[in-house]
């Protein structure tokens, strides 16, 4: 926050609008986010169907939030890199690859959490 700027409830409320607009962009325009949402829906369905514990729910919800946040950050990085460097650029490509790798790490972590929680209940 700027040193001379006063707190404004109106501005804070407006900032939530920007955040929701960003989520709309993510979930309505990013195909990979759709895949993560489907995986999240499957996890939530399995959680209810298999009656997982409160502690297990906490891990499932944290994993879902972790993956969706990683996807959002990666999307923002990709948008910024494309804006700053629209031409083919190996450095820009590496930056985007690192962001995609972060999403892959988050998704792999979520998969492990899901396997640990759901496999024993299924078998």
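Below are the figures for this structure:
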read-out: Residue selected from the stretch 99-115 under the condition free of Cβ contacts under 8 Å to residues at least 40 places away in the same chain and in contact with a helix residue (DSSP H, G or I) (Cβ under 8 Å, 6 or more places away or on another chain), by the criterion nearest to residue 63 (Cα to Cα); value: 105
read-out: The lone exception for residue 89 - which of (1) surrounded by 11 or more Cβ atoms within 10 Å (Cβ to Cβ); (2) touching a residue at least 40 places away in the same chain (Cβ under 8 Å); (3) more than 23 Å from the chain's Cα centre (by Cα) it fails; value: (2)
read-out: Qualifying residues in the stretch 9-59 (those that are assigned to a loop (DSSP other than H, G, I, E, B) and surrounded by 10 or more Cβ atoms within 10 Å (Cβ to Cβ)) - the one modelled with the lowest pLDDT; value: 30
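The values are calculated or read from the model by the stated rules, or taken from the named source; none is laboratory data. Since the model is a prediction, treat every value here as computed from it, not as a measurement. When we count neighbours, we look across all protein chains shown, and the Cβ atoms used for this are built from the backbone with ideal geometry, even at glycine.
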